[in-house]
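Right, one structure below, let's go through it.
The values are calculated or read from the model by the stated rules, or taken from the named source; none is laboratory data. The model shown is predicted, which means the values in this text are computed figures rather than measured ones. When we count neighbours, we look across all protein chains shown, and the Cβ atoms used for this are built from the backbone with ideal geometry, even at glycine.
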Ligand code: FES
Ligand code: FES
């Protein structure tokens, strides 16, 4: 068994878990944050992407014990109350989702991508960087449009598309 303690969306959480507990299981089953999805459990689909210490991570590839001591942001940590995060708003505006299963991971990957490219993004870069996120519904076109739009907003504002949780931390 492992004792874990981490900050999730600005709140300290912890507990004793089996050593084999994945970070995604910990978030969903122990913390109750079910917005992070499990699509494959084998590091292929990207539905489970969260931010660990500011970087996008597939949370099915990391043990909860490995994440102990880290700061984690999940999809639930992005919006500020009723105000959608700019990347969420762009997905809504550009119809970047259909069933929504891949969407939390897409948005967490997109947010990280935009933050790593403060100079802005082009379509080829967005498509290459989305390699690790699979969508069965959209054909990707509107997802790419949404990410490009959010990237432009960020470039104009010259600020990081920070999450509520990061602001609070
Ligand atoms: S559930 Fe983690 S990559 Fe698919
Ligand atoms: S919107 Fe359905 S899997 Fe992407």
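A few points about this structure:
Residues are listed down the side, and each one gets a yes or a no for (1) in contact with a strand residue (DSSP E or B) (Cβ under 8 Å, 6 or more places away or on another chain); (2) in a loop (DSSP other than H, G, I, E, B); (3) over 21 Å from residue 109 (Cα atoms):
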site	(1), (2), (3)
3	yes, no, yes
12	yes, no, yes
29	no, no, yes
34	no, yes, no
39	no, yes, no
42	no, yes, no
45	no, yes, no
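- The range 59-73 - residue that is closer than 15 Å to residue 133 by Cβ and touching a helix residue (DSSP H, G or I) at 6+ places or on another chain (Cβ under 7 Å) and, of those, farthest from ligand 1 (Cβ to nearest atom): 59
- Within the option set 120, 105, being in the same structural domain as residue 145 (by TED's automatic domain parsing) and under 12 Å from the mean Cα position of the chain (by Cα) holds for one residue only, 105.
- Here 50, 24 are screened, and the one residue that is surrounded by 19 or more Cβ atoms within 10 Å (Cβ to Cβ), outside the structural domain of residue 102 (by TED's automatic domain parsing) and assigned to a helix (DSSP H, G or I) is 24.
- Within the range 101-128, tally of residues that are farther than 16 Å from residue 152 by Cα and within 15 Å of ligand 1 (Cβ to nearest atom): 8
- Residue ID - surrounded by the fewest Cβ atoms within 10 Å (Cβ to Cβ), chosen from residues in the range 123-165 that are in contact with a strand residue (DSSP E or B) (Cβ under 8 Å, 6 or more places away or on another chain) and either at pLDDT below 95 or part of a loop (DSSP other than H, G, I, E, B) (or both): 164
- Residue count for the range 66-97, restricted to those that are surrounded by fewer than 18 Cβ atoms within 10 Å (Cβ to Cβ) and in a helix (DSSP H, G or I): 4.
- Apart from one condition, residue 120 fits all of (1) touching a helix residue (DSSP H, G or I) at 6+ places or on another chain (Cβ under 8 Å); (2) at pLDDT 95 or above; (3) surrounded by fewer than 19 Cβ atoms within 10 Å (Cβ to Cβ); (4) not in a helix (DSSP H, G or I); the exception is (2).
- Screening residue 45 with (1) within 16 Å of ligand 2 (Cβ to nearest atom); (2) at pLDDT below 95 gives one miss only, at (2).
- Some residue of the range 90-102 being more than 16 Å from ligand 2 (Cβ to nearest atom) and in contact (Cβ under 8 Å) with a residue 40 or more places away in the chain: no
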